[in-house]
Amino acid sequence: MKITNKIIIEFARELGFDLIGFSEAEELINESEKLKKWLEIGYQAGMQYMENNLDKKQDMKEILPGAKSVISLGMNYYTDEEYSGDKSKGKVSRYAWGKDYHLIIWEKLEQLESELKSIDENFASKSYVDTGPVMDKAWAVKSGIGWMGKHTNVINREIGSWFFITNIITNYEFEYNKPIQDYCGSCTACIDACPTNAIVNEYVVDSNRCISYLTIENKSEITSEFEDKFDNWAFGCDICQDVCPWNHKFSGVTKNEDFIPINKEITSSDLDGLSNKTFNEKFQDSPIKRARLKGLRRNLSFIKV
Ligand code: SF4
Ligand code: SF4
């Protein structure tokens, strides 16, 4: 039996994916050029791994020989909750409030890919959750599940930008979607609201200045230049997405209970007495562990909570 767009859309929806788009696995020539220029300037900050596997990022056939299509999937993680407003607590970015999305999405991708393989044993695929040499946002845009906002997150007209993106590379051919138009228009709300001026140009973020990078991937001290600019963010930052009018108008609540908030805020006392081992145990199912105990303590001390 042949696998069709319709079959994939039905399975993916059953598994809890909200957005599904298909694109041809062509080389991403323009996107690769942009990435190379961004890297040359040094906007990746300490994320040296972003410089790796540029050939694979440009051409999916370097990952899966015979790749013909990319299936882009989006999963809404928005929950209808807010922060306490208590300034003695550090804020955690929305995507990290619940269970680690890697664990959730891996499991669902595995189910989806094995279902498809059971329909046609010739179906071959490869997928990653964040860790692979794949320009996830570029594929999401190509497949029309959203457009790239000026803050560099993908925005969907129905659900805004609070969704995870993952892609499946496959040897199968499908009917392809087209990219949609950019609906940012003359808006500059995200650029104006960024407290560290990290959106250095429309569609260009300098990670060296981005609170998200500075509080998660960054292994160095946070410089005094950013003193009083963190607005109590302890892990990540959502300011540019919070101010986006598309999130005000359209953010619907996720159906996935795994995203029910567990860690919306954090204080130094939550980390009292923890060793690296007990920290990793405490946060083993949370994306927060990515900042490591040392990094999280640094962040909380920087924002004085
Ligand atoms: S995540 Fe925060 S610091 Fe980074 S670009 Fe958006 S508003 Fe600026
Ligand atoms: S805040 Fe405005 S400019 Fe920024 S991503 Fe949203 S619509 Fe685009």
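Values quoted throughout were computed directly from the atomic coordinates according to the rules given, and no laboratory measurement underlies them. It should be emphasised that the depicted structure is a prediction, and the values quoted were computed from it without experimental measurement. Cβ placement follows ideal geometry from the backbone for every residue including glycine, while neighbour counts extend to all protein chains displayed.
For the chain, taking a cut-off of 4.7 Å between Cβ atoms, the unpaired cysteines are Cys184, Cys187, Cys194, Cys210, Cys237, Cys244. Compactness of the stretch 59-138, taken as the C-alpha radius of gyration over 2.2 N^0.38 Å, stands at 1.50.
As a proxy for reagent exposure, ranking Ile119, Ile105, Ile41, Ile239 by other Cβ atoms within 10 Å from fewest up yields Ile41, Ile119, Ile239, Ile105.
For the stretch 160-305, the Kirkwood estimate of the hydrodynamic radius, built from every pair of different alpha carbons, is 17.9 Å. Taking the C-alpha atoms only, the angle from helix 101-119 to the longest principal axis of the chain is near 10 degrees. Note on the stretch 195-240 and the stretch 53-128: Cα centroid distance 24 Å, given to the nearest whole angstrom.
Here's the picture: charge each Lys and Arg Cβ at +1 and each Asp and Glu Cβ at -1 in the stretch 107-230, and of Phe164, Ile191, Tyr176 the one pushed furthest to the positive end of that dipole is Ile191. The chain has equivalent-ellipsoid semi-axes of 33, 22, 19 Å, by the square roots of 5 times the alpha carbon gyration tensor eigenvalues, sorted largest first. Bridgeable lysines around Lys37 (alpha carbons under 21 Å apart, same-chain partners fewer than 8 residues away excluded): Lys56, Lys57, Lys137, Lys142, Lys150.
Compactness of the stretch 216-275, taken as the C-alpha radius of gyration over 2.2 N^0.38 Å, stands at 1.50.
Peptides 188-199, 271-282, 87-98, 48-59 ranked from most to least packed give 87-98, 188-199, 48-59, 271-282, packing being the mean of other C-beta atoms within 10 angstrom over each peptide's residues.
Here the Karplus curve 6.51 cos²θ - 1.76 cosθ + 1.60, taken at θ = phi - 60°, turns the phi angles of the stretch 183-191 into couplings of 9, 5, x, 8, 4, 9, 4, 5, 5 Hz, with x standing for Gly and Pro. Taking all Cα-Cα distances within the stretch 89-193, those exceeding 17 Å account for 64%. How tilted is helix 29-41 with respect to the longest principal axis of the chain? Cα atoms for both, answer in degrees (0 to 90, nearest 10). The helix 29-41 is inclined about 20 degrees to the chain. In terms of modelled amide H atoms, which long-range or inter-chain residues lie less than 5 Å from the amide H of Gly146? Here Ile180 satisfy the definition. With the highest mean first, a sort of the peptides 74-80, 149-155 on other beta-carbon atoms found within 10 angstrom per residue produces 149-155, 74-80.
Of the residues Ser114, Ser93, Thr267, the one whose Cα sits farthest towards the positive end of the charge dipole of the chain is Thr267 (charges of +1 on Lys and Arg Cβ, -1 on Asp and Glu Cβ, taken about the Cα centre). For the stretch 1-78, taking Cα atoms only, Rg and Dmax work out to 16.1, 49 Å respectively.
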